[in-house]
Amino acid sequence: MSFNYLVFVKQVPDTKNVTGQAMKPDGTVNRAALPAIFNPEDLNALELAIQLKERFGGEVTVATMGPPAAAEVLRQALYRGADKVALITDRAFAGADTLATSYTLSCFAKNTTKFDLILCGRQAIDGDTAQVGPQLAEKLDLPQICYVEEVLALDKKKIRARRAIDGGFETVECPLPLMLSVIDSNEPRPPSVKRMMKYKKAKTRAELAAKRSSYTDAEELARQEQEYRAKGLWIEEFSAADAKADPERIGLKGSPTKVKNIESVVLKASEMKKVEASEAGIRSLVGELIKEHILG
Ligand SMILES: Cc1cc2nc3c(=O)[nH]c(=O)nc-3n(C[C@H](O)[C@H](O)[C@H](O)COP(=O)(O)OP(=O)(O)OC[C@H]3O[C@@H](n4cnc5c(N)ncnc54)[C@H](O)[C@@H]3O)c2cc1C
């Protein structure tokens, strides 16, 4: 038995360090101003895919839609055990909201690769919408299981999985292919040193071109590309045309949602109030929270 696991991961700004330069005047995120990290719950999705490969066999492909710099999360996925990686990158994707993002990912999945299971993180820590996974499943007309904690059984026809629900869990069975959105329910394995030594050299065409000296001609570049491919160090790039995506439905053009502004909320001392650790103290706190419509 062998399965194709397609994991979608996102490179996100480390939202713990939001600065004043976080937003560009056009309302899109200024990704250059923020340290970029691997979206935490996507590490859980990748870990689950690698565990499924170890239990049931198959191949793990990891893909991300992002600017050229997003190739870094693909190298990190290779360090942890991904077999193949893909960078879905095109200037036309810039400023995409979840509708345009999920459309682009669905075109990539449908038109460029094979999959039995699509795995996403439940949520990205920047947009925080948790919309892309379910939207992607809808666009591919796939059933979906969200908030997945564990896969109990898998065969060529169906999967049985445990998902978190309020106050407990649910065991569900579902035919393949499908989309799983995964929560923080496993211990992502650390990068393996052996794999890091090999895959830190993995490159995209843009990175190879940027590395070349002025004497390297196109022929030499093509020869180097073959060399990287032969060693399994080539990070394939897919443009809007490669994914057969409709230019009207991607990027800012395809996005009805415009992010007006984001700012970090820093509480000032003057805004803080000490609550007495007593019945009366708690009562007056709850009273205020109800008055402020935060509770109730
Ligand atoms: C502060 C802020 C607020 C935003 N609010 C909205 C909003 O209200 N509505 C809206 O439509 N857009 C919004 N956006 C834009 C939104 O962030 C982007 O569209 C983004 O690409 C996807 O949404 P998300 O970050 O919420 O991801 P989620 O839907 O939370 O991501 C879920 C999963 O989908 C997969 N995924 C998401 N993005 C990618 C990617 N680029 N490549 C590969 N896999 C991916 C990952 O597995 C991820 O774990 C917002 C952006 C910011 C920064």
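Things worth noting here:
- Within the accessible area of the stretch 4-249 (1.4 Å probe), percent carbon and sulfur: 52 percent
- Measuring nothing but how far apart in sequence close Cα pairs (under 8 Å, 6+ apart) lie, relative to its length, the chain scores a relative contact order of 23 percent.
- GLU187 versus GLU219: modelled label distance in nm, points set 7 Å from Cα along the beta carbon direction: 5.5 nm
- For a paramagnetic label modelled on ASP128 (point 7 Å from Cα along Cα→Cβ), amide N atoms under 20 Å away belong, within the stretch 159-203, to 182-184.
- Dipole size of the chain about its Cα centre, with +1 on Lys/Arg Cβ and -1 on Asp/Glu Cβ: approximately 700 debye, rounded to the nearest 20.
- Taken over the stretch 132-229, the percentage of Cα pairs per 10 Å bin, counting from 0 up to the bin with the maximum distance, is 12, 26, 18, 23, 15, 5, 0.
- Accessible area of the stretch 4-249 divided out per residue, in Å², using a probe of 1.4 angstrom: 48 Å²
- At full extension, ARG160 and GLN51 could sit 37.7 nm farther apart than now, given 0.36 nm per residue minus the alpha carbon distance.
- Most mobile of GLN226, GLN144, GLN11 in a GNM of the chain (Cα contacts under 10 Å): GLN226
- Site pair LYS110 and HIS293 shows an inter-label distance of 4.1 nm when each label is modelled 7 Å from Cα along Cα→Cβ.
- Fluctuation leader among VAL182, VAL172, VAL62 - the chain, Gaussian network, Cα springs under 10 angstrom: VAL172
- Cross-link partners of LYS110 among aspartates and glutamates, defined as those whose alpha carbon lies under 19 angstrom from its own and excluding same-chain residues fewer than eight positions apart: GLU59, ASP90, GLU138, ASP141, GLU236, GLU237, ASP242, ASP246, GLU248.
- Note on the chain: GNM, Cα springs under 10 Å; of GLU41, GLU187, GLU279, the largest mean-square fluctuation is that of GLU279.
- Based on Cα contacts under 8 Å between residues 6+ apart, the stretch 95-246 shows a relative contact order of 24 percent.
- Residues with amide H under 5 Å from that of ILE88, placed H, sequence gap 5 or more: THR64, MET65, GLY66, PHE238
- Helix-only mean residue ellipticity at 222 nm for the chain, each DSSP H run of n ≥ 4 adding -39500 (n - 2.57), per residue, nearest 500: -9500 deg cm²/dmol
- Helix 279-291 axis, angle to the chain major axis (alpha carbon atoms, nearest 10°): 60 degrees
- Residue pairs, from the table LYS211/LYS260; LYS10/LYS211; LYS157/LYS231, whose Cα atoms sit over 32 Å apart: LYS211/LYS260; LYS157/LYS231
- Hits among lysines - C-alpha to C-alpha of LYS291 under 17 Å, sequence gap 8 or more where chains match: LYS273
- Reciprocal of mean inverse Cα separation for the chain (Kirkwood radius, Å): 21.2 Å
- Farthest toward positive dipole pole in the chain [+1 Lys/Arg, -1 Asp/Glu at C-beta], among ILE125, ALA36, ILE145: ALA36
The values are calculated or read from the model by the stated rules, or taken from the named source; none is laboratory data. Predicted, not measured: the structure shown is a model, and the values here were computed from it. Reconstructed Cβ throughout: ideal geometry from the backbone, glycine too, with neighbour counts over all protein chains shown. In case anyone asks, the SASA skips ligands and DNA or RNA and just uses the protein heavy atoms, side chains included. Shrake-Rupley method; radii C 1.70, N 1.55, O 1.52, S 1.80 Å.
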